[in-house]
1. B:Leu21: within 11 Å of chain A (Cβ to nearest Cβ), in contact with a Ser or Thr (Cβ under 8 Å, 6 or more places away or on another chain) and of a type in the set (A, V, I, L, M, F, W, C), yes or no?
2. I'd like the full set of residues that are touching a Ser or Thr at 6+ places or on another chain (Cβ under 6 Å) and either among the charged types (D, E, K, R) or surrounded by 18 or more Cβ atoms within 10 Å (Cβ to Cβ) (or both), limited to the range B:34-67.
3. Mind checking which strands (runs of 3 or more DSSP E) fall wholly inside the range A:21-79 and carry at least 1 residues that are within 10 Å of chain B (Cβ to nearest Cβ) and open to solvent by 60 Å² or more (accessible area, probe 1.4 Å)?
4. Out of all the residues in the range B:88-104, which are at negative phi, facing chain A (nearest Cβ under 9 Å) and surrounded by fewer than 21 Cβ atoms within 10 Å (Cβ to Cβ)?
5. For the range A:85-100, which positions are more than 14 Å from A:Val4 (Cβ to Cβ) and either in contact (Cβ under 8 Å) with a residue 12 or more places away in the chain or crowded, with 16+ Cβ neighbours inside 10 Å (or both)?
6. List the pairs whose first member sits in the range B:100-113 and is without any contact (Cβ under 8 Å) to a residue 60 or more places away in the chain, whose second member is in a strand (DSSP E or B) and of a type in the set (A, V, I, L, M, F, W, C), and whose Cβ atoms are under 8 Å apart, counting only residues at least 6 apart or on separate chains?
Amino acid sequence: DTAVSQTPKYLVTQMGNDKSIKCEQNLGHDTMYWYKQDSKKFLKIMFSYNNKELIINETVPNRFSPKSPDKAHLNLHINSLELGDSAVYFCASSPGTGYTDTQYFGPGTRLTVL
Amino acid sequence: DQQVKQNSPSLSVQEGRISILNCDYTNSMFDYFLWYKKYPAEGPTFLISISSIKDKNEDGRFTVFLNKSAKHLSLHIVPSQPGDSAVYFCAAKVPGTASKLTFGTGTRLQVTL
């Protein structure tokens, strides 16, 4: 009964491949996020969806494409993987976009690009 | 441009003593601040927050202090317990930015016996 779950937990792949990371939340939240934590441990927002609508789209290469089939799911597809994409990717959700709405994070997906 | 900074990458404190974790920010538009705690192989979990209209917020053993003029906040943990050993992230929000959180790089706290 994990609140925010991500699959897979680990992903090792070759440069140039395309991969997807899936995220699901069972909290009934309206808003979901993708964050990237790089090798310097810097946790930075990439995207956010509210009720399946994209509301935050940071400066991210267009090889990264989020998809929200419904409010409970936010998947991240990455095309033509590069070495610099190696990082831990965290999904999160919050009740909404309210000022004090707490974000709940998934356990992360460690992506290694060889 | 790192707008939220945690200049101490690590901190070691004895069990029972006070842990003080510091965070500085540069963006004067930030008006809501949060602390998250992260254990290895887990996602960050929310700990405590403070609005810019306050200078202190307390929740059990955890207290956050905000000094707006210095653009500085701190998290105090009293008394520290071994289970508090984790990485602590400071984060901040600008109003009207659809819940976008800007995080610091974290401070690893180790509470020793």
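1. no
2. B:Leu34, B:Lys37, listed by residue number.
3. Ranges flagged: A:43-50, A:53-57.
4. B:Pro95, B:Thr97, B:Lys100, B:Thr102, listed by residue number.
5. Scanning the range A:85-100 gives A:Asp85, A:Ser86, A:Ala87, A:Val88, A:Gly96, A:Thr97.
6. Close Cβ pairs (under 8 Å, with a partner that is in a strand (DSSP E or B) and of a type in the set (A, V, I, L, M, F, W, C)) amount to B:Lys100/A:Ile45; B:Lys100/A:Ile56.
The values are calculated or read from the model by the stated rules, or taken from the named source; none is laboratory data. For clarity, every value in this text was computed on a predicted model and none was experimentally measured. Methodologically, a virtual Cβ is constructed for each residue, glycine included, from the backbone with ideal geometry; neighbour enumeration extends over all protein chains shown. These accessible areas exclude ligands, DNA and RNA; they are computed on the full protein's heavy atoms, side chains included. Shrake-Rupley method; radii C 1.70, N 1.55, O 1.52, S 1.80 Å.
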